[in-house]
């Protein structure tokens, strides 16, 4: 059973993560929040939206926002290409897409493999990065889907 407060696996249990790449950096998403993986399609801009909201797309009758994960994590934004990917995720009953460069792998980790992010003096880092894992020689940040969600009132959220 997962620890309900952190999403981390309980002792001896595995947590499956989907790793995604943006530039040279890898990030991981709890696979239970992933609904599907799609190729990039042009999105419709949303007036007055934060700059990390690329726009919105119609997903089988449901309009969902697309978040530029690089820009949301304070990296330089990049124009999507034909090889860009949208990972459709659900958090707290809300569906949205994450624009990434590529989907890498599915990895299974245990609680003892997850390390606490270092304190860098930013509360935003602690909210978005739930933990760190080391895979081979690279460090992968586990991202909180709840922290990435667009700031919209719950009554405007799309039902799953």
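Listed residues 59, 99; which is under 16 Å from residue 21 (Cβ atoms) and in contact (Cβ under 8 Å) with a residue 12 or more places away in the chain?
99
Residue check, residue 14 against (1) out of contact with any helix residue (DSSP H, G or I) (no Cβ under 7 Å at 6 or more places or on another chain); (2) under 26 Å from residue 131 (Cβ atoms); (3) in contact (Cβ under 8 Å) with a residue 24 or more places away in the chain; (4) surrounded by 15 or more Cβ atoms within 10 Å (Cβ to Cβ), all met but one. Which one?
It is condition (4) that residue 14 fails.
Which residues, counting only those in the stretch 31-57, are closer than 20 Å to residue 73 by Cα and part of a helix (DSSP H, G or I)?
Passing the criteria: 31, 33.
Read-outs: derived from the displayed coordinates by stated rules, not from any lab. Note that the structure is predicted; figures quoted are calculated from it, not measured. Reconstructed Cβ throughout: ideal geometry from the backbone, glycine too, with neighbour counts over all protein chains shown.
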